[in-house]
Amino acid sequence: MPRATAPAALRLIGGTGNGKDSGGRTVKPPLDFKRIPPEPPEWLSREALAEWERVVPEMSRLDILKPSDRAALAIYCENWATFVEASRIIANEGLTIEAKQGTLPHPAVGIARAAGREARTWAGQFGLTPAAENSFSAKESQKSDDNPFGG
């Protein structure tokens, strides 16, 4: 599966200025979507809604959200909620279970691992992982007046 390209707004944040990304390549302007955050679906679990409310303000500040991002954001948040729930089960019940076959990994271990991977993948789409964040500089540092290289 090809690697997804970061949204134009995120590529420009870490760019060299004048519509260029960090490698000096011209960033095509994004489609003219209305850049307002989507409303959370009413069916989100409590933990997923808490994650939505934690990440949406910062993503809104960066102007990367639009109403049609609702599904992708909901998938990210629900995967986070699944990871949290599985992690709580592991904390309460342990990493292993006893079965006829002997000691086995607790089923919640696999659930946490899968949900964590899925959440990390979706988080990267929104610039929410450390790797994605490191790809982009903070807006403020790019806009510094004493930057001799522009920006």
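The set of residues in the stretch 101-130 that are within 26 Å of GLU78 (Cβ to Cβ) and either at pLDDT below 80 or part of a loop (DSSP other than H, G, I, E, B) (or both) comprises HIS106, PHE126, GLY127, LEU128, THR129. Scanning for something over 22 Å from ALA131 (Cα atoms), modelled with pLDDT of 80 or more, in a loop (DSSP other than H, G, I, E, B) and in contact with a helix residue (DSSP H, G or I) (Cβ under 7 Å, 6 or more places away or on another chain), does the stretch 17-32 turn up at least one residue? No: zero hits.
When we screen ALA91, ALA119, ALA115 for residues that are within 20 Å of MET59 (Cβ to Cβ) and either of a type in the set (A, V, I, L, M) or without any contact (Cβ under 8 Å) to a residue 40 or more places away in the chain (or both), the only hit is ALA119.
Of everything in the stretch 51-88, what is in a helix (DSSP H, G or I) and either touching a residue at least 60 places away in the same chain (Cβ under 8 Å) or farther than 16 Å from TRP122 by Cβ (or both)? Give them in sequence order. If you could, list the steps in order and put the result at the bottom.
First, pick out the residues of the stretch 51-88 that are in a helix (DSSP H, G or I): 51-61, 67-88.
The answer is GLU53, VAL55, PRO57, MET59, SER60, ARG61, PRO67, GLU85, ALA86, SER87, ARG88.
The values are calculated or read from the model by the stated rules, or taken from the named source; none is laboratory data. Worth saying up front: this structure is predicted, and the values here are computed from it rather than measured. No Cβ is skipped: glycine too gets one built from the backbone with ideal geometry, and neighbour counts run over all protein chains shown.
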